[in-house]
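The values are calculated or read from the model by the stated rules, or taken from the named source; none is laboratory data. For clarity, every value in this text was computed on a predicted model and none was experimentally measured. Virtual Cβ from ideal backbone geometry, glycine too; neighbours counted across all protein chains shown.
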C-alpha cells in the first residue's frame, strides 16, 4: 500500500507512471535508453546491475522486478543468489565481478569514485564506454529505488512476474508501460 492517499491502490512503479505520466514517463524513456541501448553489457547483465543496486539500497520492490526480468532473460541463478548472499566470495567471472564492484561504489559511495575504479573495469576486459554504462544503469536504478520506496510500494510475486514477462515480450520497460497506458 502506498503512503499517499491518492495512490493507495498502487501496486508498482507502473502505477506511479500511470498516475502522473507527464511527470514520470520521461523517467521511463530515460530508463529504456540507458538499459536497452547498444552496449557490451547484455540485457541480463544490466538487469543484474539493477538487482544488485536494489539489494544495496534495500529496495525489495525493485529487487523483485529485476530478479523477475533477469530470470525471464535466463539469468544465471547462481549469480542472482550471490548478489543477495555473498558476492565477495562467489564463483563468478572476474570480468563480471568488476562490473558489480563499480556498481557497488556508484550506489554506496558515488562521490568517492576515482579513475582507478573505472580502470578496474577496463583492466577486466571491458571498454571505457561499458564503465560509463555501469554508472548510468546503476544511477537510474538508484533513482527508481528511491521513488518506489518513497511511495511505499511493496509489490507482489504476481506483479514481478507480470513485469518480467512484459519486459521480455515487449522488449523493454517503455514498451511495457506504454502498453499499460493504452488500457
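General remarks:
- Within segment 29-59, being within 16 Å of residue 148 (Cβ to Cβ) and more than 12 Å from the chain's Cα centre (by Cα) holds for 30, 58.
- Of the helices (runs of 4 or more DSSP H) lying entirely inside segment 74-183, those carrying at least 1 residues that are at pLDDT 95 or above and under 15 Å from the mean Cα position of the chain (by Cα) are 94-108, 128-151.
- Pairs with Cβ under 6 Å, 6+ apart, first in segment 154-180 and in contact (Cβ under 8 Å) with a residue 60 or more places away in the chain, second surrounded by fewer than 19 Cβ atoms within 10 Å (Cβ to Cβ) and outside any helix (DSSP H, G or I): 159/11
- Residue match in segment 31-47 (condition: out of contact with any helix residue (DSSP H, G or I) (no Cβ under 9 Å at 6 or more places or on another chain), part of a helix (DSSP H, G or I), without any contact (Cβ under 8 Å) to a residue 40 or more places away in the chain and surrounded by fewer than 23 Cβ atoms within 10 Å (Cβ to Cβ)): no
- Residue within segment 11-25 that is at pLDDT 90 or above, in a loop (DSSP other than H, G, I, E, B) and surrounded by 20 or more Cβ atoms within 10 Å (Cβ to Cβ) present: no
- The single condition among (1) touching a residue at least 60 places away in the same chain (Cβ under 8 Å); (2) touching a helix residue (DSSP H, G or I) at 6+ places or on another chain (Cβ under 6 Å) that residue 63 does not satisfy is (1).
- Some residue of segment 78-95 being under 16 Å from residue 31 (Cβ atoms) and exposed (fewer than 15 other Cβ atoms within 10 Å of the Cβ): no
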